[in-house]
Amino acid sequence: MTSQTHLSTQQLAELLAGIVRSQQAVIDAVDRANPGFRNTYLLPTLTVAANQRLAEVRLLDLPSRILLRSQGRNPMDLPTVEKGLQEALGLTTAVSLAAPSPAPAASPAAPVVRAAAPAAPTSAPAPTPPSTPAAGEDDLSNFFDT
């Protein structure tokens, strides 16, 4: 007789956060014994493992992204880990596909906004917004503040 254990996404997010916490303890110990290890060796390798160039979150990349985020001052909180897990499992795609449905109702107003936009370039062009990480929800603005 085999029994199946079902984990919720919240429980799995807590498990991932606990694993990352233990990995962070090892990283801190190595960095104390070998100052500069984190910035010289760990961060470049972890950045590659996190595969930040992909916009979509993959289950394979999620633990590395969580660990990479924990290297900064503001590690991922549990709801953010859970949201990333849901995206990686494909549980939020149905919600994101349902969100654009109100947009066609507002589409008659869209050409008016687009028609007014070309008049603005007579002055200096607007500055480009700062680039966002490829992961979408991962804010790595504090990444280099360590």
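Structure summary
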quantity: Environment charge at Ala25 (Cβ cut-off 14 Å; Lys +1, Arg +1, Asp -1, Glu -1); calculated: +1
quantity: HN-Hα J in Hz across the range 68-82 - Karplus 6.51, -1.76, 1.60, θ = phi - 60°, x for Gly and Pro; calculated: 4, 5, 6, 6, x, 6, 10, x, 4, 8, 4, x, 5, 4, 5
quantity: Cα-based convex hull, the range 17-90, per residue volume (Å³, whole number); calculated: 82
quantity: Ranked by how many other beta carbons lie within 10 Å on average, peptides 59-70, 81-92, 5-16, 25-36 from highest; calculated: 59-70, 81-92, 5-16, 25-36
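Only the coordinates and a few stated rules stand behind these numbers; no lab work does. Note that the coordinates shown come from a computational prediction; the quantities given were computed from them, not determined experimentally. Heads up, the Cβs are rebuilt from the backbone with ideal geometry, glycines too, and the neighbour counts pull from every protein chain shown.
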